[in-house]
Amino acid sequence: MTHLKNKSLILLALLLASALILSGCGTAGSRAAGTASAAQTPSSEGSASPASTVAESAGSSESDAESADESEAFSNRDLSGEYDTGEAVTISLNGAAAEASSETVQITGGTVTITGEGTYILSGTLENGTIVVDAAKEDKVQLVLAGVSIQASDYAAIYVKQADKVFVTLADGTENTLANGGSFTQKDENDVDAVIFAKDDITFNGTGTLRISSPAGSGIVGKDEVTITGGVYEISADSHAIRAKDSLAIADGSFTLYASEDGLHAENGDDDTLGSIYIAGGSFVIQVNDDAIHATTLLQIDGGTFDITAAEGLEATCIQINGGDIRISASDDGVNAARKSSVCTPTFEMNDGTLTIVMGAGDTDGIDSNGNIVVNGGTIDVTGQSSFDCDGTAQYNGGTIIVNGRQVSEIPNQMMGGGGFGGDMGGMRGGWRP
């Protein structure tokens, strides 16, 4: 399956990032050789999580150990959102029941179960029911939402129990609404706790609109990989808006996310080498009570616009920003590179783009790293009491840093109360000069 390949790619990328960025940060004033973003080159073999480019920015010859396909983030089918209406099975939702003329669709009351590979076009209203995908492990299933409204009183509206991969395509010009009624009653061995719950890989594409209301759980949960390449998403959730276990990759789309916990979340509780988030582009409005974007291993942003209101804006072990316009209003830290994974040293790296942070009062930091901070380019604008807090090494190679309206020539470092970097550099009480 695809996720087995991705697991090794993520681990390799992070190990390279950890080893090479540390070796590249040892000398004050050294300039990175350059930065490369994870490419959106389509792959015909499946979705692969992007390899980190931190290794490349360290300027080490070891970075050529990364092969070309490690930077491929999205397959052709992930990106296309196309489907053949002539070959598709039509499923009509009619209030309390549904209709379909195919042996691979089983209907029992409000439960519609899809058991075979193929494309299924859904339209209409299901007042209290669930679309279940329970196909063979090698089957790929495409669900085309072409104007559906599904209310599941105590379960998921869409439940992927088994398949190789499921594609949820939002048909052009359509509006689709999925909701849970406020509770989840378990029906099998899986702890279903989201309006869309997938045990296997799931991709969302197309150009239509998907609205999700989850008053008792998450909006979207994927227990392997979650990939989104297009569409408009409006999600309100009592837990996380979108949660992936192994990886979350976003190529494009428009996202309005409200959640009591995190907006975008990737975490594998059984393996701390997994749980990455890659964002190539898109438009994001995120208002949450906890972290706007939270990854266990690597959070890589190559582009997009972000309007974030949260307790913490970005959190992961390694955070790399290669582009985009990110605006964060945080009651706690704006960015937090925390030790959540065993495969790399906590590191924040800024290569390009704009990062604007406004922090709340109190013991808060604009950018807090339990390890290292590297600024190679872009613009960082921080308003607050403590702009940077670095427990390891800070390196300022290029770009613009503005603190409380004033451009600075070094990285100011709070370092747990304003200390220096330790050793013979302790008296600097600041950061490395470029």
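The values are calculated or read from the model by the stated rules, or taken from the named source; none is laboratory data. Treat the numbers as computed from the prediction; the structure is a model and nothing was measured. Using ideal geometry, Cβ is built from the backbone for each residue, glycine included, and neighbour counts are taken over all protein chains shown.
Identify all residues within the range 186-225 that are in contact (Cβ under 8 Å) with a residue 40 or more places away in the chain, closer than 21 Å to Ile277 by Cβ and part of a loop (DSSP other than H, G, I, E, B); write none if there are none.
Asp193, Asp200, Asp224
Quick one: in the range 147-163, which of the residues that are hydroxyl-bearing (Ser, Thr, Tyr) and assigned to a strand (DSSP E or B) is farthest from Gly124 (Cα to Cα)? If you could, list the steps in order and put the result at the bottom.
In the first step, residues of the range 147-163 are kept if they are hydroxyl-bearing (Ser, Thr, Tyr); the result is 149, 153, 155, 159.
When the remaining residues are screened for being assigned to a strand (DSSP E or B), the result is 149, 159.
Working: Ser149: 6, Tyr159: 18 Å.
My answer is Tyr159.
Can you name the number of the only condition in (1) out of contact with any Pro (no Cβ under 6 Å at 6 or more places or on another chain); (2) not in a strand (DSSP E or B) that Gly182 fails?
Here Gly182 meets the rest and fails (1).
Restricting to the range 226-278, count the residues that are in contact (Cβ under 8 Å) with a residue 60 or more places away in the chain and of a type in the set (Gly, Ala, Ser).
Qualifying residue count, the range 226-278: 7.
Please pick out the residue among Ile114, Ile107, Ile131, Ile121 that is out of contact with any Pro (no Cβ under 7 Å at 6 or more places or on another chain) and within 25 Å of Asp252 (Cα to Cα). Spell out the reasoning first.
Values: Ile114 fails: within 25 Å of Asp252 (Cα to Cα); Ile107 fails: within 25 Å of Asp252 (Cα to Cα); Ile131 fails: within 25 Å of Asp252 (Cα to Cα).
Checking each option against the conditions leaves just Ile121.
Can you tell me which residue is surrounded by the most Cβ atoms within 10 Å (Cβ to Cβ) among those in the range 131-168 that are polar (S, T, N, Q) and within 20 Å of Thr203 (Cβ to Cβ)?
Taking the candidates together, the pick is Gln142.
Checking Gln407 against (1) over 28 Å from Ala280 (Cβ atoms); (2) surrounded by 20 or more Cβ atoms within 10 Å (Cβ to Cβ); (3) at pLDDT 95 or above, which test does it fail?
(2)
Given (1) buried (at least 23 other Cβ atoms within 10 Å of the Cβ); (2) among the basic types (Lys, Arg); (3) in contact with an Asp or Glu (Cβ under 6 Å, 6 or more places away or on another chain), identify the lone condition not met by Arg243.
Failed condition: (3).
When you go through (1) within 18 Å of Ala73 (Cα to Cα); (2) surrounded by fewer than 24 Cβ atoms within 10 Å (Cβ to Cβ) one by one for Arg211, which number turns out not to apply?
Status for Arg211: all satisfied but (1).
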